[in-house]
Amino acid sequence: MYKKLSTTIGLVLLFAGPTGADESKDTEAEASKLEIALAKYDRTGEMKTCINPRRIRDMKIVDDNHILFRVSGKKSYLNTLPRRCHRMDFYDAISYRVRGSSICSNELFHVLDRSSIPGPSCSFGKFE
């Protein structure tokens, strides 16, 4: 019973997303969130495929498409996901597994809900 109920709720959440005019409002809201988050940074346009996780000091989820990693040495990297990671900015936490000595684009991470239960899987994009 519990499993069936959680599956039904999951399906409802997947298909209950915005449509039509609501999508343009979401896009505008995400653009302004990104502008605010990046206001104090200079974008270089230089892209990296991987970063060293030992240098990460903190992380900020900007919206469903962007994660900002602050690293040692007064640098930050913006990760633009290849696809939208639904509800990531709502829960504001992710978990990832480090394989080797780097976090790289196309590696998976999980969105965590408020009880730290892994949610949807998404993949990192390149780091600017």
### Message
Please report the net charge: other residues with Cβ closer than 12 Å to the Cβ of TYR41, K and R +1, D and E -1.
### Response
+3
### Message
Show me the ranking of peptides 44-52, 120-128, 86-94, 67-75 by mean Cβ neighbours inside 10 Å, starting with the highest.
### Response
120-128, 86-94, 67-75, 44-52
#### Entry: 18 Å cut-off, amide nitrogen to a point 7 angstrom out along THR44 Cα→Cβ, residues in segment 59-76
67-76
### Task
List, in order, the whole-Hz ³J(HN,Hα) value for each residue of segment 94-111 obtained from phi through the Karplus relation with A = 6.51, B = -1.76, C = 1.60 and θ = phi - 60°; use x for Gly and Pro.
9, 10, 9, 10, 8, 10, x, 10, 9, 10, 10, 4, 6, 7, 7, 9, 10, 6
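Calculate what fraction, in whole %, of the accessible area of segment 30-89 sits on carbon and sulfur atoms when a 1.4 Å probe is rolled over the protein chains. Spell out each step's value before the answer.
Values: 1820 of 3900 Å².
Exposed carbon and sulfur together represent 47 percent of the surface.
The values are calculated or read from the model by the stated rules, or taken from the named source; none is laboratory data. Please read all numbers here as calculations on a predicted model, not as lab measurements. Note: ideal-geometry Cβ built from the backbone for every residue, glycine included; neighbour counts use all protein chains shown. Note: areas computed on protein heavy atoms with side chains; ligands, DNA, RNA excluded. Shrake-Rupley method; radii C 1.70, N 1.55, O 1.52, S 1.80 Å.
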